[in-house]
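**Q** Please see the structure below; I have some questions.
Any read-out appearing in this document is the output of simple, stated calculations on the displayed coordinates, not a laboratory observation. These numbers were taken from a predicted model, which means no experiment stands behind them. Cβ coordinates were reconstructed from backbone atoms using ideal geometry, including for glycine residues, and neighbour counts include every protein chain displayed.
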Amino acid sequence: MKHLLSLEKLSRDEMVAILRSAGSFKQQRGRDPRKPLAGQTWAMIFAKSSTRTRVSFEVGISELGARPMFLSAAEIQLGRGEPIKDTARVLGRMVHGAVIRTYGQKDVEEFAEFSGIPTINALTDEEHPCQILTDIFTFEELSGPIQGKVVTFVGDGACNVPASWVWAAAKLGFELRIAAPKPYQPSADLLQRAGGRVVCTEDIKAAAAGADVLYTDVWVSMGKEAESAQRLQTLTGYQINQALVKLAKPGALVMHCLPAYRGKEIDEETFEANAATIFTEAENRLHVQKAILNWIVG
Ligand code: CP
Ligand code: NVA
């Protein structure tokens, strides 16, 4: 039984295989005879908002031959306190796989353990593995192999997206620089467990110098709304803008997992100048997640 709960648990070879197969799903879309989920039903349990992840999984699951069943966590008994392990045991007897977006990483792990069906982490407070696999696929599609390159993350370096970048850096052999104020840098424990070439700094200019990609995410992640004022104050200055792009390698990519807040983590001009890359990155969620689904049932 395979799951995608964390990039920590995915081997380098599995990552490479998924990335390769994503290219084939992208190329063959619309005329692809592969239906690896034929006849199945997949539950999509979402406890947080989503545009890209929800739509790309619903479309991808359908295109692979299965029926996606969207379940807002607030509208099933889970939202009234039914334990995750009971929800998992019920769904495990009815559906063939689950895609879950929630808060605690332990909840997706418990669901996988008790459901007995393939389970995919569609974002927790700790990781966003489908996003980072897509980002790497997009980088390689537009700029070539990521191995040996420099990826600079700017902003809230302690949230789910940079954490998944940390695991990817260790496994795929690129340098990751995280430019963030001290309280918003990844934990020492994560850095130590992952290994790899990861530099954390408050010096945003040094982090951007010669980078192959400048990457950012929201300053206020879902679930952190109560900290908004503090975060907007502390993270001011950790923005991708035209001045920062000038420090990166000529032709460097600017990427954003979206949604974007102009004037906060990225300025309007830089966002729009890089919209082609950013929306290709969004589109690629579909192709990469089809590759993940195909791998998980394979
Ligand atoms: N990037 C991302 O996961 O977007 P959504 O929150 O819209 O799914
Ligand atoms: N770090 C963000 C990612 C959104 C896709 C959040 O958790 O809200």
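**Q** Would you please calculate the Kirkwood hydrodynamic radius of the stretch 209-250 over all C-alpha pairs and express it in Å, rounded to one decimal?
**A** After inverting the mean inverse Cα-Cα distance, the result is 11.8 Å.
**Q** What is the helix-to-structure angle for 12-27, meaning the angle in degrees between its Cα long axis and the longest Cα principal axis of the chain, kept from 0 to 90 and rounded to the nearest 10?
**A** 80 degrees
**Q** Follow-up question, since we're still on this one. Stretch Q192-L142 to full length: gain in nm at 0.36 nm per residue minus the Cα-Cα span?
**A** Answer, rounded to one decimal: 14.9 nm.
**Q** Using 10 Å bins from zero, what percent of all Cα-Cα pairs in the stretch 52-188 falls into each bin?
**A** Computed distribution, short to long bins: 11, 34, 31, 20, 4.
**Q** For the stretch 48-106, what is the largest minus smallest coordinate of the Cα atoms on each principal axis, given in angstrom and ordered from greatest to least?
**A** 33, 26, 21
**Q** Over the chain, with a single point scatterer placed on each C-alpha, what log10 of the ratio I(q)/I(0) does the Debye formula yield at q = 0.08 1/Å?
**A** -0.33
**Q** Can I ask one more? Can you tell which of A73, I84, G30 lies farthest toward the positive end of the dipole of the chain, using +1 and -1 charges on the Cβ of basic and acidic side chains (Lys, Arg; Asp, Glu)?
**A** Going by the charge dipole, the pick is G30.
**Q** Now a separate question. Taking the Cβ of A209 as the centre, find all other residues whose Cβ is under 13 Å away and add up their charges (Lys, Arg: +1; Asp, Glu: -1).
**A** Value of the local net charge: +1.
**Q** Pop a pseudo-label 7 angstrom from the Cα along the beta-carbon direction at both S11 and K106 and give the gap in nm to one decimal.
**A** Here the answer is 3.0 nm between the modelled labels.
**Q** Still on this model: Distance from the Cα centre of the stretch 245-296 to that of the stretch 66-123, in angstrom?
**A** Using only Cα atoms to place each centre, the spacing works out to 29 Å.
**Q** Relative to the first principal axis of the alpha-carbon coordinates of the chain, what is the inclination of helix 160-172, with its axis defined by its Cα atoms, in degrees from 0 to 90 and to the nearest 10?
**A** On a 0 to 90 degree scale, this one is about 90.
**Q** Okay, next question. Using 23 Å as the Cα-Cα cut-off, could you pick out the over-long pairs in K2/K290; K106/K264; K26/K264; K2/K106?
**A** Distance filter (> 23 Å) returns K106/K264; K26/K264.
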